[in-house]
Amino acid sequence: MTDEAGPSPAPPGGVVVRRELTGRDADAIVALRDRLYSTEYGLDARFTASVDWSVQAALARGWPQSSGAVWLVDHAGALNGSLALIDEGEGMGRCAGSCSHRRCVGGGSAAGWSRSC
């Protein structure tokens, strides 16, 4: 793995960690959080809409190119995890993450990540 932007070499398990967004990553982040949180916590379309709004607002502020950071974890050609550090302005920041693998945190959501950030 590397701290530089771009994909890391895929190990034998086929996992790739990326540090740059592609055109469809914003939608994939929203879909991943929807899949995990609707299943684990019973959250509905209002949650998904709020995640989508937050991602779009961050992108409009230049995230992650001008401030903040992103780590995207791909496995088998699909987004399976994300971690975002987002500049909220006025000296405030936010950490948001999701992981679809059960070994991540509990059943698979990043609730533990969010609490620890």
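Looking across THR2, THR39, one residue alone is at pLDDT below 85 and not in a helix (DSSP H, G or I). It is THR2.
The set of residues in segment 86-103 being surrounded by 15 or more Cβ atoms within 10 Å (Cβ to Cβ) and either in contact (Cβ under 8 Å) with a residue 24 or more places away in the chain or over 19 Å from ASP52 (Cβ atoms) (or both) consists of ILE86, ASP87, ALA96, SER98, CYS99, SER100.
Being at pLDDT 85 or above, small (Gly, Ala, Ser) and in contact with a helix residue (DSSP H, G or I) (Cβ under 9 Å, 6 or more places away or on another chain) is a condition met by no residue of segment 99-112.
Go through ARG18, ARG46 for me and flag whichever is exposed (fewer than 13 other Cβ atoms within 10 Å of the Cβ), modelled with pLDDT of 90 or more and closer than 29 Å to GLU90 by Cα. Step by step, each of ARG18, ARG46 is checked, and only ARG46 is exposed (fewer than 13 other Cβ atoms within 10 Å of the Cβ), modelled with pLDDT of 90 or more and closer than 29 Å to GLU90 by Cα. Within segment 53-77, residues that are farther than 10 Å from GLU88 by Cα have Cβ atoms under 7 Å from residues that are assigned to a loop (DSSP other than H, G, I, E, B) in these pairs: PRO64/LEU21; VAL70/ARG19; VAL70/LEU21; VAL70/PRO64; TRP71/ARG19; HIS75/GLY14; ALA76/GLY14, counting only partners at least 6 apart in sequence or on another chain.
When the residues of segment 63-81 are filtered to those that are part of a loop (DSSP other than H, G, I, E, B) and not small (Gly, Ala, Ser), which remaining residue is surrounded by the most Cβ atoms within 10 Å (Cβ to Cβ)? Walk me through how you get there before you give the answer.
Kept after step one, since they are part of a loop (DSSP other than H, G, I, E, B), are these residues of segment 63-81: 63-68, 76-77.
This time we only want the ones that are not small (Gly, Ala, Ser), so: 63-65.
Details: TRP63: 21, PRO64: 19, GLN65: 11.
Filtering first and then ranking leaves TRP63.
The values are calculated or read from the model by the stated rules, or taken from the named source; none is laboratory data. Quantities reported herein were computed from a predicted structural model and do not represent experimental measurements. Backbone-built Cβ (ideal geometry, glycine too); neighbour counts: all protein chains shown.
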